[in-house]
Structure formats: structure tokens, C-alpha cells
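All of the numbers you see were taken from the coordinates with simple rules; none came from a lab. From a predicted model like this one, the values you see are computed outputs, not experimental measurements. Glycine gets a Cβ as well: all are built from the backbone with ideal geometry, and neighbour counts include every protein chain shown.
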Amino acid sequence: MGKWVKNTFQSMRKYYPPFKNTHFWTVQFLAVPIAIISWILMRTEYFSHFQGLFFIPITLQVLPVIYAALTFGFAGSVSTAAWVVFLSLPNLIFGPPGLERVGVILQLIILVTLAIFIGQRVDRETV
């Protein structure tokens, strides 16, 4: 059984995010200001007048996810997408009520789906 577990971990090594790469952490840091701007915009009274545009701050999170996918492949894109979802939790919990909240959830689902598909495609093309 020990050999089976070791072989499984060895085969999954290509799916580990590149935690030792400083460029990877720079991309992760890029998601933080976008999340802060998103949080501020959703909290301001001025932005509440444009309720149809609530999706724009969350949509900007696609930029670091796609950049991570193109640079680091599947492992980088999925880990960046997970980080973006974590950073977007305040917008889900304290954000807009009703259909706007459903829209934020759908955007995050689309973001994770993009991360998976683009990351897999980059891995396929680079092999």
C-alpha cells in the first residue's frame, strides 16, 4: 500500500501549484487590490445607483486567473481561481441581496470554469 500511495503522489505532482515561484505570488497579489476595489465599489452609495453594473468588479478577477493559466497552466489557474473565490467571499456574504447575489455566484462559477478549461488547454499545448 505504501508504494501505491507514493506512486499516486508522484503522478499528482504536476498538479501542485508553483508555490516556490515568486512570479506566482505576484499574480496572487494582483487579485487582492481588485478584490478590495470590488468590495469598496459594492459598498459605496454611488455604485448602488448602477445596480445593473454590479458584475464589473467581480469580472475584473478574470485577469489574474487567465494570466495564471497562461503562465503556470492548470495548477496555477485553479489555485488562483480558488484564491479569487476566497477573496470574493465578503461580496457574497455582505454583498447585494437577491438576484445580484445570484449573479455574483454565477460569475464565480464561470471564473472557475474558465480557469479549469484554459489551464487544461495550456497544459495540453505545452506538453
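Things to note:
- Cβ-Cβ contacts under 6 Å between residues 6 or more apart (or on different chains), taken from a first residue in the stretch 65-85 that is more than 13 Å from His23 (Cα to Cα) to a second residue that is acidic (Asp, Glu), are listed as Gly73/Asp123; Phe74/Asp123.
- Scanning the stretch 107-127 for residues that are surrounded by fewer than 15 Cβ atoms within 10 Å (Cβ to Cβ) and either farther than 18 Å from Phe72 by Cβ or among the polar types (S, T, N, Q) (or both) turns up Ile109, Ile110, Thr113, Thr126.
- Of the residues making up the stretch 76-87, those that are surrounded by fewer than 21 Cβ atoms within 10 Å (Cβ to Cβ) and small (Gly, Ala, Ser) number 1.
- Of residues in the stretch 107-127 being assigned to a helix (DSSP H, G or I) and of a type in the set (Val, Ile, Thr), the one farthest from Val32 (Cα to Cα): Thr126
- Scope the stretch 88-106; condition part of a helix (DSSP H, G or I) and surrounded by fewer than 19 Cβ atoms within 10 Å (Cβ to Cβ); matching residues: Leu89, Pro90, Leu92, Ile93, Phe94, Leu99, Glu100, Arg101, Val102, Gly103, Ile105, Leu106
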